[in-house]
Structure formats: structure tokens, C-alpha cells
Amino acid sequence: VVAAGAPLLALDAVGAGSSGLSGAPGAPGVAFTRLIFIEGSEAAAGELRSAIAERGGDDRVEVVVGDVNVELPRVLEGVERTTPVFVTLFANEVEPAWSTVEQIAAWNVELLVSFPLQTTVSRGSDRALMGRYFGDTGWESDWGRGEYGAVREFYQDRLRSLGWTRQADDALLVKEHDPVGHKDYWLIHAARREAEQGVWRWVLRRMRSAPG
């Protein structure tokens, strides 16, 4: 059984039609025209390719193996800067580097970031890696006091400085590790336009009304 992670969900994402921001996002039948997944290892890439093949394959998909800090800017170089691009940054550690985020800000990018809270930040990751992730030292005092929410807010302010001013802020975007309630990560949705933010309001309403 293959869990439907972000890549497989992206494969299935199809607009259901919309009557404005209060309706479902996207025109009927509209899906991503191109899907590029970057994996850090050949093993992970192989698992993803196998999962896609089991579903019948998909001509829109390219699976890239390598360092996200190298491959993500390289991939975007082949995309017109005005083309809408949805970038999800789901990393096991404190990645990507802030310099990478600065590079992709030149494109018409909407972001979904899996920000590490108590999974990585609070465990005291290597300070050099942390510094590379934030691109600034402003996180250090809050991190030292264990104020991880303030560390996240610092990162969100950094995103705002690059133009991603419309950000979702909802408890549904926090993944807690039961039974102790540690917050594993916080999903940050960062957009530049009201329409993009409206889609996320719809997503959150659907999450809140889902059974269970």
C-alpha cells in the first residue's frame, strides 16, 4: 500500500469548478500541466517512480534526483517567470537554504512549506545548517529560549519580505505528535495574490468539515 503523499496528491489534483472564492478551486477538469518532483536519493526517487507506474504512469511527471538547492533553481530556469508555479517544500531536515528561496522568488511561485518545529528546530540542529535555512541570525535568541512559535513567525516574516505576504494561519496546519502533543511541523502556505489565498480558505474549510 502506497501512502498518498504530496506527489501522488498532486497527480490526482483536478479542479472541480468554481463559482468564485467560496466555491471549489479551479475550472472543471483543470489539473497541473507539468509535475517535477525532486528527491534527495535514488532510493526515494525509485519508490516514487514505482508508485507512479503502479497507477498507470503519467506523461506530465519528471522525477529528479539531487540537492534541492541545486535542482529547484535549475528546474525553474526552464519555466517562464510569469507562469504560475506551485512549489511544495517538504524536507526531512532544515532545507532548503534561504538563498534558494530567494532565487525562486523571481518566479510566479506560490509556496507550501513544511516548517520543522519540534522535529528539527527544537532538537538543536547544527547551527550552521540552521543559519543557512534562515539566512539571518534573528532566529537565535528565540530558539535559545525554546520559543519555537516565534522562530516560525520569524521565518514567515522573511517570506513576507520576498513578497509572499498572504499567508494562511490556522491550527489545522499544525501536525502534532500524540500522545504528548509535540508539534512536529507547521504547514506554511505563502501566496502573493488574493485568489491563491482564497483557494486555501476553501481547502481549510474542507479539512474542517471532513468526517473524523
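The values are calculated or read from the model by the stated rules, or taken from the named source; none is laboratory data. Everything quoted here is computed from the prediction, not taken from an experiment. Positions of Cβ are backbone-derived with ideal geometry, glycine not excepted, and every protein chain shown enters the neighbour counts. Each accessible area value is taken on the protein alone, full model and side chains, heavy atoms only, with ligands, DNA and RNA left out. Shrake-Rupley method; radii C 1.70, N 1.55, O 1.52, S 1.80 Å.
Scoring Ala44 on the criteria (1) open to solvent by 50 Å² or more (accessible area, probe 1.4 Å); (2) in a helix (DSSP H, G or I); (3) over 12 Å from Leu8 (Cα atoms) leaves a single failure, condition (1).
The sole residue among Arg74, Arg60 that is open to solvent by 60 Å² or more (accessible area, probe 1.4 Å) and not β-branched (Val, Ile, Thr) is Arg74. Considering the stretch 104-128, and only residues there that are in a helix (DSSP H, G or I) and at pLDDT below 85, the residue that is nearest to the chain's Cα centre (by Cα) turns out to be Val121.
Total residues in the stretch 50-84 satisfying the condition of being in a loop (DSSP other than H, G, I, E, B) and free of Cβ contacts under 8 Å to residues at least 24 places away in the same chain: the figure is 6. If you take the residues in the stretch 27-84 that are closer than 22 Å to Arg192 by Cα and charged (D, E, K, R), which one is modelled with the lowest pLDDT? Only one residue tops the list, namely Arg34.
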